[in-house]
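*Asks:* One structure, as structure tokens, below. Some questions next.
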Amino acid sequence: EIYYEEAGRGQPLIFVSGLNGVARYWQPQIPAFSSRFRVIAYDQRGTGQSDRQQREFSVDQMALELVQLMDALGIERAHLVGLSTGGAIGQTLAIEQPQRIARLVLCSTWTYCDPWFRRLFEARRALYQQAGPELHAMFHPLFLYPPDYVNAHDADIDEERRRNVGSAPPVEIDF
């Protein structure tokens, strides 16, 4: 039900993506880390090659699904790198089951929903619902990256947009 990729040997290191999180997001990091760690990257339920039947999502549920993946892979304790919602998943796991985490690295994440955060996600959800995944995919990099990054990675962003539009998840997983 949950698609994952694994590379390398050593202590387990799990990359946990943000909303609409897919394993391929971590492709640039996997070679560097797999030389020292057993690296796992996965598609969250509702995205990529994982099960798409579920329609209600929460950070608590996503943390439980991460634990279930760890159990299925025989991982008692792992290093976690969490990006955005993946960071919220990591924080939840650290609170609920701290013995499962060796180290936790948080990137561009959040601890609560303040008015700015709520407004941002309400606007993104409305854009997705009213204009569809294609227009959302055009705006998505502008929400995520600073101008210098977009300018330096324009072709990569176009390629990612082409891949994402064809396999867009339901709005429930993206927001």
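*Asks:* Sorting LEU80, LEU144 by accessible area (1.4 Å probe), largest first, what list results?
*Replies:* LEU144, LEU80
*Asks:* Would you list SER58, SER50, SER35 from the most to the least accessible area, probe 1.4 Å?
*Replies:* Per-residue accessible area, sorted high to low, gives SER35, SER58, SER50.
*Asks:* Given the protein chains as shown and a 1.4 Å probe, how many square angstrom of GLU6 are accessible, to the nearest 10?
*Replies:* For GLU6, solvent-accessible area is about 90 Å².
*Asks:* If the label point is 7 Å along Cα→Cβ of ALA7, which residues in the stretch 53-86 have backbone nitrogen under 19 Å from it?
*Replies:* Under 19 Å, as judged by backbone N against the label point of ALA7, lie 79-83 of the stretch 53-86.
*Asks:* For the chain, what is the accessible area per residue in Å² when the probe is 1.4 Å?
*Replies:* Details: 9910 Å² over 175 residues.
Ligands and nucleic acids excluded, the result is 57 Å² per residue.
*Asks:* For THR109, THR47, what's the largest-to-smallest order of accessible area, 1.4 Å probe?
*Replies:* Ranked from most to least accessible, the order is THR109, THR47.
*Asks:* Another question, then. Could you tell me what percent of the accessible area of the chain is made up of carbon and sulfur, with a 1.4 Å probe and every protein chain present?
*Replies:* Percent of accessible area from carbon and sulfur atoms in the chain: 52.
*Asks:* Using only alpha carbons, build the gyration tensor for the chain and give me the equivalent ellipsoid semi-axes, biggest first, whole Å.
*Replies:* Taking √(5λ) for each Cα gyration eigenvalue gives 26, 19, 16 Å.
*Asks:* Modelling each spin label as a point 7 Å along the Cα-to-Cβ direction, I'd like the LEU64/VAL105 distance in nm, to one decimal.
*Replies:* About 3.0 nm, to one decimal.
*Asks:* If you don't mind, there's one more thing I want to ask. Just tell me, in residue order, which DSSP H segments of the chain are both 18 angstrom or longer along the helix axis (alpha-carbon based) and at least -0.5 in mean Kyte-Doolittle hydropathy. Could you put the intermediate results ahead of the total?
*Replies:* Working: long enough: 59-72 (20 Å, 0.69); 115-144 (27 Å, -0.22); 154-166 (19 Å, -1.88).
Span-like helices in the chain: 59-72, 115-144.
*Asks:* A further question on this structure: By DSSP, what percent of the beta bridges with both residues in the chain are antiparallel, rounded to the nearest 5? Before the final figure, lay out each step's value.
*Replies:* Details: 4 of 18 bridges.
Restricted to the chain, the bridges split so that about 20 percent are antiparallel.
*Asks:* Measuring from label point to label point, each 7 Å out along Cα→Cβ, what is the SER34 to ASP71 span in nm?
*Replies:* A separation of 2.8 nm, rounded to one decimal place.
The values are calculated or read from the model by the stated rules, or taken from the named source; none is laboratory data. Treat the numbers as computed from the prediction; the structure is a model and nothing was measured. With ideal geometry, Cβ positions are generated from the backbone for all residues, glycine too; neighbour counts draw on all protein chains shown. Accessible surface areas use protein heavy atoms only, side chains included; no ligands, DNA or RNA. Shrake-Rupley method; radii C 1.70, N 1.55, O 1.52, S 1.80 Å.
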